[in-house]
Amino acid sequence: MAIRVLPSTLVDQIAAGEVIERPASVLKELLENALDAGASRIEVDAEQGGMRACRVRDDGYGIPVDELVLALTRHATSKIQSLDDLERVRTLGFRGEALPSIAAVSRLALTSHAADATGGWSLRAEGGELVPAAPAAHPVGTTVEVRDLFYNTPARRRFLRAEQTELAHLRTVLERLALARFDIAFRLTHNAREVLDLPPARDARAREARVARLCGDAFVEHALHVEHEAAGLRLHGWIAQPTFARSQSDLQHFYVNGRMVRDKLLAHAARRAYDDVLFHGRHPAFVLYLELDPARVDVNAHPAKHEVRFRDAGHVHDFVRHTLEHALATTRPRPGASAPPAARVFDARPAQHALGIAAPAAVAEHMAAYSALHEPATTTVPAASAGLPLGTALGQLHGVYLLAQNEAGLVLVDMHAAHERVIYEQLKSAMQSGAVATQALMVPVAVAVSEREAELAESAAEELSLLGLEIARSGPASVQVRSVPALLGAVDAGGLVRDILADLAEHGRSQRLHETVHALLASMACHGSVRANRRLTVPEMNALLREMEQTERADQCNHGRPTWTQLSLSELDTLFLRGR
């Protein structure tokens, strides 16, 4: 077939296919335009899930009458003027494709009153064909009405779902943007019925109330506030404690310079921060905001602007991960702190089993403090100790739970889970205090790799050696493994190296060795911790309580279950109807 220029109508419809998937896609683009226009209140009216009509009204700056036609012209925008602007995008929209793409597959009406104009004007488009502008009564601001989406592309209309499904997508888009802009009032109606009305949230309490409204009260109850700034990066927001882990990643909201994104790098960093405190298969929940110089992030990496690309991806990944790790490390018993909220849902998981590897001397020495397990626990009730979050021990319940009293009331501790966390953190600390012990291979293992992977192995040799893995390049497309971490025992050295180099090739870093070592440490901690039905003396119980108070992440075990809980005196009084 001969090469020819496509008709402009077909070009616009192709462009629409990249941006407009359903009514929710339309709403996202219109809301972002309204926010860029300086709106303080945005109202959305939808009919039949947005398929019949979707109207977005804002009180922003408005569009001058002589720019209305340009607003519906492809690649016409007021948000960038040069390449430098494109490299430092500060607005949500910037390509000038949204309105013309929507107009190509719908019946669109654009009515606007510019702030410095004497009145409003309206412009209509049907399937991309414009009707001349006419005066229209309208307050300062803009209204965009999109009717009969995909009326001229019936094949695409057939992919739309039921009315309530499309409404759910509309609501999701509005809620996600409402989490990004607490200063804006949002209102959503559907078929003339109010669905959502969010007033501005200008202080901390109001912002938390909006988060609770959109993410649920349970999320806020379990949330830790995060605020950290360093090296030109700022991360703030809320992360849920591990006991609020979910079966799906449906409650993960990440914003970069106010733009909601679904970025694999950021999701991976958050997941890594939760490594030591979550079941496999469970997902953390968070609402996080990352702010950085716009020149350090490319927002032009996806047609619908869902993804971004960082100039220094590794630095951003480490900043996010370490910030969240530090926040999670504070989840331990502290004076005045409440017990960790119980999880709503737990997965039934078998306990980790030992891998047949003897515990190191550090574990044996640590367990010596708990060696007199044959002695029966005393029933003497000591006085509650002021300033001790977990108080003083009273005794054991069925050899599984430790009972203690503090100033607030009764403390219950899962002994095995708590001691497992204590040992695990001690093992990690010992590993991080110096280079990992290595085990030299009697015969170096030759591994065939690609030339790029061989280059990566050569450049990362020093970093890998700190983890106990010694690799040397032996040819253009081969490496030799000379030693492995001693903790790993009889590991498949070739398979481990191939996986690490694959990670380096894809992400520029590898966490696989860390993951393998930490999994082994967790197994050793499980093996070395006190078991159910083993009797502890009161001094041993108090020693465990004190260790918990000094151990990071002690509020939950290695699998995300809570290690302790609190019953206050008022709760106990209620149980026994005291005071009635």
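Any read-out appearing in this document is the output of simple, stated calculations on the displayed coordinates, not a laboratory observation. Small disclaimer: the values here were computed from a predicted structure and weren't measured. A quick note on method: Cβ atoms are made from the backbone with ideal geometry, for glycine too, and the neighbour counts reach across all protein chains shown.
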Q) Ranked by Cβ crowding within 10 angstrom, fewest neighbours first, how are C557, C526 ordered? A) C526, C557
Q) Which of the peptides 25-32, 147-154, 13-20 is most tightly packed, and how do the rest follow, going by the mean number of other Cβ atoms within 10 Å of each residue? A) 25-32, 13-20, 147-154
(Q) Between E67 and S429, how high is the FRET efficiency from 1/(1 + (r/R0)^6) when r is the Cβ-Cβ distance and R₀ = 51 Å? Nearest 0.05. (A) 0.25
Q) Which label belongs to the value computed from this structure, given these candidates for semi-axes √(5λ) of the Cα gyration tensor in Å: (i) 43, 26, 23; (ii) 39, 27, 26; (iii) 54, 34, 18? A) (iii)
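Figure the gain on full extension for S78 and E227 (residue separation times 0.36 nm, minus the Cα-Cα span) and round it to one decimal in nm. Walk me through the numbers on the way to the answer.
Working: separation 149, 0.36 × 149 = 53.64 nm, distance 3.37 nm.
Length difference between fully extended and current span is 50.3 nm.
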Q. Using alpha carbons only, how many degrees (0 to 90, rounded to 10) separate the axis of helix 8-19 from the longest principal axis of the chain?
A. 20 degrees
Q: Sort V445, V144 so the one with the fewest other Cβ atoms within 10 Å of its own Cβ comes first.
A: V445, V144
Q.
If you average the alpha carbon positions of the range 206-278 and of the range 77-114, how far apart do those two centres end up, in angstrom?
A. 30 Å
Q. Sorted from fewest to most neighbouring beta carbons within 10 Å, what does the list M51, M1, M260, M541 look like?
A. M1, M260, M51, M541
Q) Using r as the Cβ-Cβ distance of E451 and D298, and R0 as 22 Å, what FRET efficiency do you calculate, to the nearest 0.05? A) 0.20
**Q.** 0 to 90° range, to nearest 10: angle between helix 264-273 axis and the chain longest Cα axis
**A.** 20 degrees
**Q.** Calculated FRET value between E307 and S8, using beta carbons and R₀ = 25 Å, to 0.05
**A.** 0.30
Q: Let me know the number of lysine pairs in the chain closer than 23 Å at the Cα, not counting same-chain pairs under 8 apart.
A: 5
Q) Considering the zone a paramagnetic label at L572 would reach in this model (a point 7 Å from Cα along the Cα-to-Cβ line), which residues of the range 409-441 have amide N under 13 Å from it? A) 409-412
Q) What nm distance separates the two modelled labels at E87 and E129, each placed 7 Å from Cα along Cα→Cβ? A) 4.5 nm
Q) Amide H of A185: which non-local residues (sequence gap of 5 or more, or other chain) have their own amide H closer than 5 Å, using H built in the peptide plane? A) R41, I42
(Q) Rounding to the nearest 10 and keeping the result within 0 to 90°, find how far the Cα-based axis of helix 23-36 lies from the longest principal axis of the chain. (A) 90 degrees
Q.
Using only the Cα atoms of the range 8-198, what are the Rg and Dmax in Å?
A. 15.7, 45
